[in-house]
1. For q values of 0.11, 0.18, 0.21, 0.28 Å⁻¹, compute log₁₀ I(q)/I(0) with the Debye formula on a Cα-only model of the range 101-167, without solvent.
2. Taking H as built 1.01 Å from N, whose amide H comes closer than 5 Å to the amide H of F620, not counting residues under 5 places away?
3. I need two numbers for the range 613-663: Rg to one decimal and Dmax as a whole number, Cα atoms only, in Å.
4. Once you mark the GluC sites (Glu not before Pro) that are in a DSSP loop and have at most 16 other Cβ atoms within 10 Å, what is the longest gap between them in the chain?
5. In the chain, what percentage of the DSSP-assigned beta bridges are antiparallel, given to the nearest 5?
6. Report, to the nearest 10°, how far helix 509-528 tilts away from the longest principal axis of the Cα atoms in the chain, using its own Cα long axis and a range of 0 to 90°.
7. Can you quote the Å³ per residue value for the convex hull of the Cα atoms in the range 269-334, rounded to an integer?
8. Give me the Kirkwood hydrodynamic radius of the range 575-628, using the inverse of the mean 1/r over all pairs of distinct Cα atoms, in Å to one decimal.
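The values are calculated or read from the model by the stated rules, or taken from the named source; none is laboratory data. Just so we're clear, the structure is a prediction, and the values are computed from it rather than from any experiment. Every residue, glycine among them, receives a Cβ derived from its backbone with ideal geometry; neighbour counts consider all protein chains shown. Only protein heavy atoms, including side chains, enter the accessible area calculation; ligands, DNA and RNA are left aside. Shrake-Rupley method; radii C 1.70, N 1.55, O 1.52, S 1.80 Å.
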Amino acid sequence: MPDTTTSAPASAEAPAGGFFDDAAGYYTPGSPLADTKAPGGPIDERWDTRQFEARIANPANRRRLSVIVVGTGLAGASAAATLGEAGYVVKSFCYQDSPRRAHSIAAQGGINAAKNYKGDGDSVYRLFYDTIKGGDYRSRESNVYRLAQVSRNIIDQCVAQGVPFAREYGGLLDNRSFGGVQVSRTFYARGQTGQQLLIGAYQALERQVAAGTVKTYTRHEMVELIVVDDRARGIIVRDMVTGEIETYFADVVVLASGGYGNVFFLSTNAMGCNVTATWRAHRKGAYMANPCYTQIHPTCIPVTGHHQSKLTLMSESLRNDGRIWVPKDAADCTKNPQDIPEEDRDYYLERIYPAFGNLVPRDIASRQAKNMCDEGRGVGPEVEGVRRGVYLDFAEATERLGKAAIEEKYGNLFDMYARITGEDPYTVPMRIYPAVHYVMGGLWVDYDLQSTIPGLFVTGEANFSDHGANRLGASALMQGLADGYFVLPNTIRDYLAEGPFDKIPTDHPAVLEAQQAVKARIDHFMTTNGTRSVDSYHRELGNIMWEYCGMERTEDGLRKAIDLIRTLRDDFWRNVKVLGSPDSLNQSLEKAGRVADFLELGELMCIDALNRRESCGGHFRGESQTEEGEALRHDDLYAYVAAWEWGGEDEKPVLHKEELTYEFVEMKQRSYK
């Protein structure tokens with residue numbers, strides 16, 4: 001296999017003149033970074049090797065070891081439940097009024113696992129390969145192979161919990177396909193898979209609450225990380241009901257707080273989703289890896305105007321039976337789709353990518369939908385003079401399978417679409433368009449899921465580790481449960497085996513400093529008394545991010561975005577107006593803290609995107625494309641994880657590079673044709 005540090009197989013050569021650095025002046029080069037926890041040897045033996053080599057905390061010591069878990073989605077709930085069952089003392093925090101309200105509940109289409117129930121050639125290696133390729137060769141081999149291995153255990157675990165996966169007539173678990181693969185490996189519960197899986201994890205969590213090993217703190221938002229002697233030892237939270245600032249200590253902290261897609265304001269994320277937990281950790285020394293890697297989901301209900309505060313996802317599973325098309329002639333875009341004959345329709349994904357058709361990966365489907373609309377062939381109402389929509393048509397599938405079969409597979413999704421749009425998707429094609437959905441970037445972690453701060457572990461979407469530049473559909477639920485049920489419990493024990501640790505005095509200087517920082521931040525928001533609402537800043541930031549750091553980026557656009565964000569952030573701190581009192585329920589104050597962190601994150605995302613002058617996954621640099629307009633990587637320059645260190649207030653971030661070496665998969669230009 002080629003050495004990725006010196007060669008660029010099937011990708012572009014560096015431009016004339018050698019290395020270029022668009023982001024020079026925006027960051028400080030740092031020392032190289034390496035994951036020292038991943039074992040060597042045959043890839044199918046590495047996880048077993050690491051589990052055996054990891055030290056063990058004996059049962060008597062576990063009762064004296066404490067763990068804080070922030071977040072109660074699939075990664076957080078499963079981790080807290082499993083660690084509690086193992087005998088550790090666990091404190092679980094979430095800002096929702098119940099762990100069941102975590103955003104994992106919104107996932108629709110399914111969860112991948114290499115079970116090969118369909119007998120169509122699936123295997124652990126094929127899932128590993130599809131994930132590496134789908135991520136455009138920007139993820140770690142060891143992590144991805146482990147994920148594929150563990151995926152098989154997840155289904156057994158969830159079935160035992162009673163998760164109502166869809167079944168075939170004979171009672172066997174059913175599977176369907178998702179984008180980027182040619183096998184059926186996605187287990188599902190209609191369009192409610194995330195909800196059903198979260199209920200299973202919630203049940204496991206509540207069982208440990210009843211057993212006394214886990215204590216839950218709802219409506220508590222983490223606002224600071226406590227680091228003592230270079231180790232994570234606790235968190236500061238705000239009681240969102242009373243406004244009280246509280247401090248909690250533990251021997252180890254686990255962040256399972258989800259992704260930061262709401263930096264774009266309009267996304268498929270719940271309005272409360274934020275980056276604060278991970279960003280507070282970043283400012284304390286945890287590196288942020290590949291922050292510009294955000295996923296654009298191709299199957300969302302299009303924007304209809306400025307009144308919207310979020311977007312709605314329509315499951316990627318719909319692409320199994322729905323056909324995506326636009327009119328061949330822009331003059332037909334205002335016509336009733338049922339009046340446009342077959343010969344005048346462009347089923348563009350089937351035309352451009354015949355091998356995968358409508359099941360190409362999300363990044364490709366998203367970019368091609370944008371291309372069709374940019375050509376003037378978009379459909380639906382005009383928003384700011386442009387029609388941003390393509391058709392997802394079930395007419396052929398309904399005729400082939402019958403309406404009852406379509407209703408059984410997708411009925412709740414069709415009902416949701418009808419309620420939101422007022423249109424009947426059984427008779428009129430759905431309209432869809434790409435939207436921000438998931439983030440592949442996150443806090444850097446090693447093979448053990450430990451960040452660059454000892455004692456701080458990060459799971460699920462909050463870390464960067466498994467998806468590279470693009471996540472395949474149905475892999476988010478897989479990673480969340482894999483991390484929580486099977487990976488973290490086997491790796492965190494290696495760190496906890498060093499305990500029990502010394503207790504932290506409440507008057508420790510690091511604790512007092514963190515508490516004072518939280519108080520000063522809140523005091524500033526409450527006393528600025530400016531003229532602009534928090535939401536207005538968030539919306540403006542989102543517009544900048546979508547325009548210049550969204551589906552397509554350019555050097556000039558990213559430089560402009562950085563200047564705009566810096567100006568906006570300066571105005572935010574001088575002119576934001578937060579209503580209400582800090583000593584009670586105050587959503588304006590909650591949002592202010594989150595938007596402050598989004599403003600800093602947004603700038604780093606643009607610097608990261610500016611530094612990476614290549615197109616990979618859904619991250620299309622206008623300066624780097626093939627003659628056919630496809631994404632073009634530069635493996636000789638960018639086959640690395642970009643891990644950013646906080647440089648300090650008003651200082652440049654520091655870039656550390658973790659080189660990616662591929663031993664078991666050949667790096668080559670992706671093709672789904």
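1. Treating every Cα as an identical point scatterer, log10 I(q)/I(0) equals -0.32, -0.81, -1.01, -1.22.
2. R553
3. Radius of gyration, then largest Cα-Cα span, for the range 613-663: 14.1, 44 Å.
4. 14-167
5. Restricted to the chain, the bridges split so that about 65 percent are antiparallel.
6. 50 degrees
7. 167 Å³
8. 14.3 Å
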